[in-house]
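Asks: Dumping the structure here so I can ask a few things about it.
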Amino acid sequence: MLARTGRKREDITLLAVTKVFPASEIVDAYALGLREFGENYVQEFSGKLAEVQHLTDARFHLIGHLQSNKSRRAAEIFHCVQTVDSAKLARRLDEVGRPLDIMLEVKLSHEDAKAGAAAAELPSLIEAVRACPNLKLRGLMTMPPWSDDPEESRPYFRKLAELARAHSLPELSMGMSHDFEAAIEEGSTMIRVGTALFGKRVKPG
Ligand SMILES: *Cc1c(COP(=O)(O)O)cnc(C)c1O
């Protein structure tokens, strides 16, 4: 499919989403050559940390919503926080004093429940992040409303790509197990894949 889209393999990072799975899955995936991992919860990943700390060139991304009271811990244990959606959260992460990659989560749908900044807020948010000496802004992230049909996601991917271009941001974190092909066609540089790699997650509780 890469040939069809004219995209190159090395331009697209596979982020292995390991939420809910035990740390041993990360260790196994690392042994198979994966290096970038996505986790949704600060507390859950904190619990796995001791078992994955020896994976020296693994990089861990927070891809779930971050509450500001967990921002310090997040900045300590993740290499990248993909879900920054306010200037306040950016400043909190910056205050921790560690170099940290971040992405801005953009909400492109009108669902009430979804986190993310509105597209109109991006200019001021980008300015706020650029004023934070410890934060390096990599790009934009989005999560379209759930649908079985990847074509339903495509307009959101296209919109995120337009926004990234308009703001000269290189990274686009978009596409999951069911819609990553459409995301790649629309310019994704990082697909976040859980189920297609590890199988179905059994919800805790
Ligand atoms: C869980 C999750 C994924 C991975 O979803 P799959 O459908 O299992 O590939 C990607 N991104 C985010 C933000 C997630 O929460």
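The values are calculated or read from the model by the stated rules, or taken from the named source; none is laboratory data. Model, not experiment: these values are computed from the prediction. Cβ placement follows ideal geometry from the backbone for every residue including glycine, while neighbour counts extend to all protein chains displayed. To get the accessible areas, we keep the full protein, side chains included, count just its heavy atoms, and leave off ligands, DNA and RNA. Shrake-Rupley method; radii C 1.70, N 1.55, O 1.52, S 1.80 Å.
Asks: Can you name every one of the helices (runs of 4 or more DSSP H) wholly within region 1-113 that holds 1 or more residues which are modelled with pLDDT under 95?
Replies: So the answer is 2-5.
Asks: For region 114-147, give me each residue that is polar (S, T, N, Q), assigned to a loop (DSSP other than H, G, I, E, B) and open to solvent by 30 Å² or more (accessible area, probe 1.4 Å).
Replies: Residue satisfying the conditions is Asn134 alone.
Asks: Hey, can you tell me all the residues within region 4-29 that are of a type in the set (A, V, I, L, M) and either under 18 Å from Val52 (Cα atoms) or more than 17 Å from the chain's Cα centre (by Cα) (or both)?
Replies: The answer is Leu15, Ala16, Val17, Val20, Ala23, Ile26, Val27, Ala29.
Asks: Mind checking which residues of region 42-54 are within 16 Å of the ligand (Cβ to nearest atom) and either among the charged types (D, E, K, R) or farther than 13 Å from Ala75 by Cα (or both)?
Replies: Once the filter is applied, which keeps residues that are within 16 Å of the ligand (Cβ to nearest atom) and either among the charged types (D, E, K, R) or farther than 13 Å from Ala75 by Cα (or both), region 42-54 yields Glu44, Lys48.
Asks: Related question: Within region 191-205, take every residue that is outside any helix (DSSP H, G or I) and open to solvent by 50 Å² or more (accessible area, probe 1.4 Å) and give me the one that is nearest to the ligand (Cβ to nearest atom).
Replies: Going through the qualifying residues, I end up with Arg201.
Asks: Also, I was wondering about something else. Can you tell me which residue among Ser173, Ser188, Ser147, Ser168 is over 23 Å from Asp101 (Cα atoms) and either within 12 Å of the ligand (Cβ to nearest atom) or hydroxyl-bearing (Ser, Thr, Tyr) (or both)?
Replies: Going through Ser173, Ser188, Ser147, Ser168 in turn, the sole match is Ser147.
Asks: Given the structure, is Leu108 in contact (Cβ under 8 Å) with a residue 40 or more places away in the chain, more than 26 Å from Gly33 (Cβ to Cβ) and under 17 Å from the mean Cα position of the chain (by Cα)?
Replies: yes
Asks: So Pro155 fits all but one of (1) more than 16 Å from the chain's Cα centre (by Cα); (2) within 15 Å of the ligand (Cβ to nearest atom); (3) free of Cβ contacts under 8 Å to residues at least 40 places away in the same chain; what number is the exception?
Replies: Checking Pro155 against (1) more than 16 Å from the chain's Cα centre (by Cα); (2) within 15 Å of the ligand (Cβ to nearest atom); (3) free of Cβ contacts under 8 Å to residues at least 40 places away in the same chain, the one that fails is (2).
Asks: I've got another one for you. State which residue pairs qualify: first residue hydroxyl-bearing (Ser, Thr, Tyr) and inside region 2-27, second residue away from the ligand (no atom under 16 Å from the Cβ) and open to solvent by 50 Å² or more (accessible area, probe 1.4 Å) in any location, beta carbons under 9 Å apart, and separation of 6 or more residues or different chains.
Replies: Thr5/Glu185; Thr13/Arg35; Ser24/Glu51
Asks: Another question, if that's okay. If I ask for residues that are more than 12 Å from the ligand (Cβ to nearest atom), in contact with a Ser or Thr (Cβ under 8 Å, 6 or more places away or on another chain) and closer than 27 Å to Asp28 by Cα, which ones from region 176-185 would you list?
Replies: Ile184
Asks: Something else about it: Taking the criterion of being of a type in the set (Gly, Ala, Ser), within 17 Å of Glu171 (Cβ to Cβ), open to solvent by less than 20 Å² (accessible area, probe 1.4 Å) and within 16 Å of the ligand (Cβ to nearest atom), would at least one residue in region 55-75 satisfy it?
Replies: No, region 55-75 has no match at all.
Results for (1) touching a helix residue (DSSP H, G or I) at 6+ places or on another chain (Cβ under 7 Å); (2) within 26 Å of Thr18 (Cβ to Cβ), shown as yes or no for each residue.
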site	(1), (2)
Ile126	no, no
Arg138	no, yes
Thr142	yes, yes
Trp146	no, yes
Arg158	no, no
Ala164	no, yes
Glu181	yes, yes
Ile184	yes, yes
Lys200	no, yes
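Asks: So which residues in region 35-54 are open to solvent by less than 70 Å² (accessible area, probe 1.4 Å) and free of Cβ contacts under 8 Å to residues at least 40 places away in the same chain?
Replies: Of everything in region 35-54, those that are open to solvent by less than 70 Å² (accessible area, probe 1.4 Å) and free of Cβ contacts under 8 Å to residues at least 40 places away in the same chain turn out to be Phe37, Glu39, Asn40, Val42, Glu44, Phe45, Ser46, Gly47, Lys48, Leu49, Val52.
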